[in-house]
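Structure first, commentary second.
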Amino acid sequence: MFDYTPPPALLAKRIILVTGAGDGIGRAAAKSFAAHGATVILLGRTTSKLEAVYDEIEKAGHPQPAIYPLNLEGASPNDYEDLANTLETEFGRLDGLLHNASLLGTLTPIEHYDIEQWYQVIQVNQNAPFLLTQACLNLMKSSREASIVFTSSSVGRKGRAYWGAYSVSKFAIEGLMQILADELEANTTIRVNSINPGATRTAMRASAYPGEDQKSLPAPEDIMPLYLYLMGPESRELNGQALNAQ
Ligand code: NAP
């Protein structure tokens with residue numbers, strides 16, 4: 001596991017948006033950021049799941065979060081503009097952006113990959129992070145120092161048979177991360193990095209590896225040290241890096 005012990009108030013006063021915040025790693029990240037003092041914006045497609053995370057954060061006495069239901073598959077550029085405008089009005093800036101939501105699609109040879117599903121996976125995993133980042137950049141420039149974190153995968157760093165659109169989208173995410181890191185380095189205080197969470201006990205992992213003993217895997221909460229480190233001030237100098245949470 002990435003070795004880092006965060007101070008309790010690591011993210012005090014930071015405004016952090018998490019996509020896919022209703023379940024799995026995104027849910028753990030949102031709760032963990034809030035527990036370290038951040039105001040989190042919970043974005044996802046299933047409102048009831050976002051509400052459950054909201055309630056947990058509130059009950060724990062952490063800063064009051066906000067919910068932003070959005071289906072990244074159908075969202076238009078206007079929807080991202082609306083989101084950025086809402087954040088501007090409510091908070092005036094954005095200090096952290098965790099691109100976490102993604103779709104697995106099916107594990108199928110390219111020869112037989114369903115074309116509709118290809119578009120769907122690329123839309124959610126690749127186009128949505130581009131659109132969301134573009135819409136939020138101005139808000140992030142208003143932060144003293146902001147952090148963009150993309151979520152990759154081992155198949156985003158080395159291709160593997162049958163991982164299809166999911167793998168291709170994660171390679172694209174690594175590319176987007178590198179390009180943005182290079183573009184933003186000179187004239188902004190925004191840093192951009194990617195995380196490969198590694199095998200983690202979530203619904204997505206269970207559907208990719210149905211025969212696996214889920215209990216043998218780390219829980220989403222266990223992999224949070226790297227997420228916290230990247231959102232906090234101590235990673236200020238880190239830019240353009242592809243990192244592993246485990
Ligand atoms: P998960 O349990 O399936 O959670 C994914 C989250 O993304 C869910 O909250 C889901 O919403 C949301 N989401 C999916 N499609 C969406 C859409 N169209 N619009 C808005 N939200 C959407 O997956 P996870 O395992 O936590 O994965 C989190 C990230 O880590 C992903 O980027 C994944 O590729 C990456 N990753 C995971 C592992 C692993 O072992 N778990 C390994 C490598 C990389 P709903 O709850 O409403 O479905």
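The values are calculated or read from the model by the stated rules, or taken from the named source; none is laboratory data. Everything numeric here is computed off the predicted structure, so don't read it as measured data. When we count neighbours, we look across all protein chains shown, and the Cβ atoms used for this are built from the backbone with ideal geometry, even at glycine. We work out accessible area using only protein heavy atoms, side chains counted, and drop any ligands, DNA or RNA first. Shrake-Rupley method; radii C 1.70, N 1.55, O 1.52, S 1.80 Å.
Taking the numbered list (1) within 12 Å of the ligand (Cβ to nearest atom); (2) open to solvent by 30 Å² or more (accessible area, probe 1.4 Å); (3) hydroxyl-bearing (Ser, Thr, Tyr) in turn, TYR166 passes all entries but (2).
Scanning the range 64-87 for residues that are within 16 Å of the ligand (Cβ to nearest atom), surrounded by fewer than 16 Cβ atoms within 10 Å (Cβ to Cβ) and either hydroxyl-bearing (Ser, Thr, Tyr) or closer than 23 Å to THR189 by Cβ (or both) yields one hit, SER76. The condition of being more than 26 Å from ILE190 (Cβ to Cβ) and away from the ligand (no atom under 16 Å from the Cβ) holds for only one of GLU90, GLU58, that being GLU58.
Among the residues of the range 41-63, those that are on the phi < 0 side of the Ramachandran plot, out of contact with any strand residue (DSSP E or B) (no Cβ under 7 Å at 6 or more places or on another chain) and surrounded by fewer than 18 Cβ atoms within 10 Å (Cβ to Cβ) comprise THR46, SER48, ALA52, ASP55, GLU56, GLU58, LYS59, ALA60. For the range 120-163, taking the residues that are in contact with a helix residue (DSSP H, G or I) (Cβ under 8 Å, 6 or more places away or on another chain) and without any contact (Cβ under 8 Å) to a residue 24 or more places away in the chain, the one that is farthest from the ligand (Cβ to nearest atom) is identified as GLY159. Mind checking which residues of the range 193-212 are closer than 20 Å to GLY164 by Cβ, assigned to a loop (DSSP other than H, G, I, E, B) and polar (S, T, N, Q)? Hit for the range 193-212 is THR202, nothing else.
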